[in-house]
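Trainee: Provided herewith is a single structure, encoded as structure tokens, for subsequent inquiry.
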Amino acid sequence: MPIDFELSEGSKLAQAHYRQVAVDQMRPISRKYDLAEHHLPTEWVDYWWDEGRFSFHDKAENKTAPNDGFVTVCLQAEELCWGDAGLYLRMPTPALGGSAVSSAGTNEQREQFMSAFREKGGHPIWGAMAITEPQAGSDAAAIETTADFDADTEEWILNGTKIFCTAGEGASTADGGFIVVWATIDKSAGRGGIKSFVVMANTPGMELIGCEKKLGIRASDTATLRFDNCRVPKENLLGSAEVRKKGPTKTGDKGFKGAMATFDASRPIVAAMATGVGGAALDFLKEELENQGIQIRYDTPPRELTAIERDVIEMEAELQAARLLTWRAAWMMNTGKRNNLEASMAKAKAGLAVTKITQKTVQILGPVGYSKKLLVEKWMRDAKINDIYEGTQQINQLIVARRILDYPSAMLR
Ligand SMILES: Cc1cc2nc3c(=O)[nH]c(=O)nc-3n(C[C@H](O)[C@H](O)[C@H](O)COP(=O)(O)OP(=O)(O)OC[C@H]3O[C@@H](n4cnc5c(N)ncnc54)[C@H](O)[C@@H]3O)c2cc1C
């Protein structure tokens, strides 16, 4: 089987396009919204509403080769996070909510919720996914939010609290926005009872409690939401209501596993976000070194290299390894191959790589790297989240180990 590590012409054009967006639209306001946490970045949102929403493919006259779709999504994430990771997360798009509808919903639901999104007419809106609760993070099966069916009104009634919901403010309050909420319809069935529900913005009973103050990605709205007898139509349950105690359901609904499949799509995107932030730091560092007359001598034997040259080469190797793992996971997604292992590998590698690269950049630049005069200290703060959400470093390593050793989760936890 041939191996080809080259991006298609279409993907390269997309990459260049999103880099330009990052340079022109994001970098100039990067510090402003790092400081103005919880303020809507209006310049960026307006840009996205007016222009950015037109997909690159519309502009690129269809130069994209077949099967590029998800790879291009990852390239977009990398380039825009090179610009600013917090602003990227504040972009009005279906985001994780869209991934959840795509992976756990039926064709009819995809049509219903995603076409409603597309046809909003005026502008794109936010989507989000709410899994995490005060007592349930890594162990998503421990969620306690409930969904009870009211047979008279044919509605699901949600009760519970969700925390750390990215884009949760926009998705819960801006007309047309939606949040995919995980809840149990049968606690006695454990993970088999967990289902996901689409809750449209401003649904009575869903309350935005507030947004988190954070170390990094401060332009991103990370919300706490309370559901108090929040009613959603029967059709807003993604998949079927059948509770799977063991084995597949009669309807073929994938239940908890189906909902978990969202991560196969979201983890490569987070990995790409990480390589974007890492790339921002590394590019800046190399430019600074060059300005100081320090050239990285790639063709010199290791024993003759300076410590800084060695550091930079190692950082580049880390970044490139993370990027290639990410592209592999994305390419597998495109081609319909199961990528659960590769998505976790990419996410674990990229989360660690970006944390190391940004810290090392601050270190090499010295006090100026630590100063707010530069964005380097911000990239160090923005980097760490990639090692936490969409499964922490430890959880993704656990998944990789389980898959390689072929152990069920009960045997390796
Ligand atoms: C900025 C931000 C945005 C977020 N966005 C979202 C979102 O949009 N939607 C959403 O649902 N959630 C979101 N989250 C939540 C995030 O996914 C969780 O924080 C994450 O899954 C970890 O869960 P936890 O916080 O409960 O930590 P815990 O599960 O309590 O973990 C604490 C520590 O223990 C380690 N650990 C846990 N279990 C194991 C184990 N079995 N083996 C080894 N180590 C283990 C973890 O790796 C971690 O280091 C977000 C979080 C942040 C900070």
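The values are calculated or read from the model by the stated rules, or taken from the named source; none is laboratory data. Not measured: the values here are computed from a predicted model. Note that we place each Cβ from the backbone using ideal geometry, even for glycine, and neighbour counts take in every protein chain shown.
Trainee: Looking only at strands (runs of 3 or more DSSP E) that fall completely inside the range 162-238, which ones have 1 or more residues that are within 15 Å of the ligand (Cβ to nearest atom) and in contact with a Lys or Arg (Cβ under 9 Å, 6 or more places away or on another chain)?
Mentor: 178-184, 206-211, 222-233
Trainee: Among the residues of the range 110-117, is any part of a helix (DSSP H, G or I), of a type in the set (Gly, Ala, Ser) and surrounded by fewer than 16 Cβ atoms within 10 Å (Cβ to Cβ)?
Mentor: Scanning the range 110-117 turns up at least one residue that is part of a helix (DSSP H, G or I), of a type in the set (Gly, Ala, Ser) and surrounded by fewer than 16 Cβ atoms within 10 Å (Cβ to Cβ).
Trainee: Oh, and also: Please work out which residue is surrounded by the most Cβ atoms within 10 Å (Cβ to Cβ), limiting yourself to the range 328-344 and to residues that are closer than 30 Å to ASP311 by Cβ and over 15 Å from the mean Cα position of the chain (by Cα).
Mentor: GLU342
Trainee: Does at least one position in the range 142-153 carry a residue that is of a type outside the set (Val, Ile, Thr), within 16 Å of the ligand (Cβ to nearest atom) and modelled with pLDDT under 95?
Mentor: Looking for residues that are of a type outside the set (Val, Ile, Thr), within 16 Å of the ligand (Cβ to nearest atom) and modelled with pLDDT under 95, one finds at least one in the range 142-153, hence yes.
Trainee: Hey, among ILE179, ILE125, ILE143, ILE163, which residue is within 23 Å of the chain's Cα centre (by Cα), within 24 Å of SER409 (Cα to Cα) and crowded, with 16+ Cβ neighbours inside 10 Å?
Mentor: The match here is ILE143.
Trainee: For the range 99-109, indicate whether the set of residues that are crowded, with 22+ Cβ neighbours inside 10 Å, modelled with pLDDT of 85 or more and in contact with a helix residue (DSSP H, G or I) (Cβ under 8 Å, 6 or more places away or on another chain) is non-empty.
Mentor: yes
Trainee: The conditions are (1) away from the ligand (no atom under 13 Å from the Cβ); (2) under 25 Å from the mean Cα position of the chain (by Cα); (3) in a strand (DSSP E or B), and ILE157 fails exactly one of them. Which is it?
Mentor: Condition not satisfied by ILE157: (2).
Trainee: Please find, within the range 381-411, the residue that is modelled with the highest pLDDT out of those that are more than 9 Å from the ligand (Cβ to nearest atom) and aliphatic (A, V, I, L, M).
Mentor: So, considering only residues that are more than 9 Å from the ligand (Cβ to nearest atom) and aliphatic (A, V, I, L, M), the one modelled with the highest pLDDT is ALA383.
Trainee: Looking at (1) at pLDDT 90 or above; (2) exposed (fewer than 15 other Cβ atoms within 10 Å of the Cβ); (3) of a type outside the set (Val, Ile, Thr); (4) under 25 Å from THR173 (Cβ atoms), which one does PRO28 not meet, given that it meets all the others?
Mentor: (4)
Trainee: Please verify whether the range 363-371 includes one or more residues that are in contact (Cβ under 8 Å) with a residue 12 or more places away in the chain and more than 16 Å from the ligand (Cβ to nearest atom).
Mentor: Here is the first cut: in the range 363-371, the residues in contact (Cβ under 8 Å) with a residue 12 or more places away in the chain are 364-365.
Checking which are more than 16 Å from the ligand (Cβ to nearest atom) leaves us with 364-365.
Scanning the range 363-371 turns up at least one residue that is in contact (Cβ under 8 Å) with a residue 12 or more places away in the chain and more than 16 Å from the ligand (Cβ to nearest atom).
Trainee: Additional query: Does ILE313 satisfy being away from the ligand (no atom under 16 Å from the Cβ), assigned to a loop (DSSP other than H, G, I, E, B) and of a type in the set (A, V, I, L, M, F, W, C)?
Mentor: For ILE313, the condition - away from the ligand (no atom under 16 Å from the Cβ), assigned to a loop (DSSP other than H, G, I, E, B) and of a type in the set (A, V, I, L, M, F, W, C) - is not met.
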